[in-house]
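A.B. asks: Let me give you the structure first, and then I'll get to my questions.
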Ligand code: TYC
């Protein structure tokens with residue numbers, strides 16, 4: 001024989017419930033938060049993209065001052081690679097796409113990539 005149970009407020013089960021009363025509210029007492037993974041967006045050096053174009057890219061897409069953008073551009077020029085910012089996955093992906101589209105539109109070989117931290 002089948003017995004129907006209903007869930008009580010304390011979570012125990014007792015006979016007598018029908019299908020309409022088989023409900024319970026599950027509440028989490030300990031808050032669980034997951035921090036999102038972060039990604040560096042990097043510019044790569046090349047021999048052809050004009051320095052001023054790279055400065056413009058860093059100002060426009062990474063919201064840097066002219067001074068910070070110039071410093072980042074020179075770091076990439078001298079070291080081969082440099083960080084423009086750190087973002088969540090989707091934001092980083094958007095920055096890479098924006099920079100690559102802008103460089104292609106102006107026919108510069110500038111490369112922009114993302115890397116998990
Ligand atoms: N090396 C380039 C030049 O001498 C300048 C440059 C800097 C290019 C940074 C790309 O990500 C770059 N014109």
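Laboratory data are not the source of any read-out in this text; all were calculated from the coordinates shown. All values reported here derive from a predicted model rather than from experimental measurement. Methodologically, a virtual Cβ is constructed for each residue, glycine included, from the backbone with ideal geometry; neighbour enumeration extends over all protein chains shown.
A.B. asks: Applying a 10 Å radius around every beta-carbon, put 89-96, 34-41 in order of their mean neighbour count, most first.
C.D. replies: 89-96, 34-41
A.B. asks: Run the quick spin-label model on residue 47 and residue 100: label points 7 Å from Cα toward the beta carbon, then report their separation in nm to one decimal.
C.D. replies: Between residue 47 and residue 100, the label points sit 2.4 nm apart.
A.B. asks: Hey, another quick one. For the residue pair residue 28 and residue 116, what label-to-label distance in nm results when each label sits 7 Å from Cα along the Cα-to-beta-carbon direction?
C.D. replies: Roughly 2.2 nm, to one decimal.
A.B. asks: Modelled label-to-label distance, residue 35 and residue 88, 7 Å Cα→beta-carbon offset: nm?
C.D. replies: 1.5 nm
A.B. asks: Turning to a different aspect of this structure: Could you tell me which of rounded, prolate or oblate describes the range 45-117, using a ≥ b ≥ c as the square roots of the eigenvalues of the alpha-carbon gyration tensor, with rounded for a/c under 1.5 and, failing that, prolate when a/b is larger than b/c and oblate otherwise?
C.D. replies: Cα axes put the range 45-117 in the rounded bin.
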